[in-house]
Amino acid sequence: MKADDHISISSKMTMQAKIRIAVIAALALCAPLAAQDRLAEDLAKYQHEADPVRKARALAKLGDEQVELAKKQLKAEDEVASLHTLEQYRDEVHDVVTALNAMGVDAERKPAGFKELQISLRETIRRIDDLILTLNVDKRSFFRVVRNDLFMDQNVLIDELFPRKPERNSPKSAP
C-alpha cells in the first residue's frame, strides 16, 4: 500500500463521515418542521370540523401537540407565547365541551367524543402540571389558571359520563 493510497482511503472515509453528518443534520432540521406542519394540519382539521363529536376527537389529538409546542416555547424562554398556546387550547376545550353538552346526548349511553376528550384532558393536565413545575414560582400562577380551567372542563365531562343517580333501594334520609 502506497502513501497516496492511504491518503485517498482516509479522505474517502472522512467524506463518508461528512455525508453522514450532513444527512443527520438535515433530518434534525426537518423533524421540527414536520411537527409544525402536522400541528398546523391538525389545527386546520379541528377548526373546519362542524360535528362536535369529531371535533372532540380531533382536539384530543391536538392537545399533545399544543402542550409540546408550549414546552418548546418555554425552553426558548418565551413564557408569553407558551401561556398563549395553552390559553388557546383551553378555549378550544371549553368550546367543544359546550358543544358536546348542547347536543343533548346521554353521554353515559353514547360516550363518543366525551370519553376521548376526557381521557386526553386527564393526560394533558398531567403534562401541564409537569410543565408548571419547571417554571419560576412567580410565573406559575398564570399557568395554574389555565390548568384549573381545563380541570373544571374535565370534571364536566366526567359528570356527563358518570351521572350521579340516587340508589333505588336506599332509604331516603329524614329531613
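Every read-out reported here was derived from the displayed coordinates using simple, explicitly stated rules and does not represent laboratory data. Given the structure is predicted, the values throughout are model-derived calculations rather than measurements. Cβ placement follows ideal geometry from the backbone for every residue including glycine, while neighbour counts extend to all protein chains displayed.
Once the Cβ-Cβ distance of ASP37 and THR98 is raised to the sixth power relative to R0 = 25 Å, the FRET efficiency obtained is 0.25. With the simple spin-label model, which puts each label point 7 Å out from Cα in the Cβ direction, the ASN148 to ARG127 separation comes to 2.4 nm.
So what's the net charge close to VAL146: Lys and Arg +1, Asp and Glu -1, counting the other residues with Cβ under 10 Å from its Cβ?
0
For the residue pairs LYS72/LYS139; LYS55/LYS139; LYS55/LYS165; LYS115/LYS139, the C-alpha atoms sit more than 24 angstrom apart in LYS55/LYS139; LYS55/LYS165; LYS115/LYS139. Shown is the FRET efficiency for ASP78 and LYS110, computed with R0 = 41 Å from the Cβ-Cβ distance and rounded to the nearest 0.05: 0.50. Look at THR134, THR124 and count the other Cβ atoms within 10 Å of each Cβ; fewest to most, that gives THR134, THR124. Given R0 = 30 Å, the distance between the Cβ atoms of VAL137 and ARG54 translates into a calculated FRET efficiency of 0.15.
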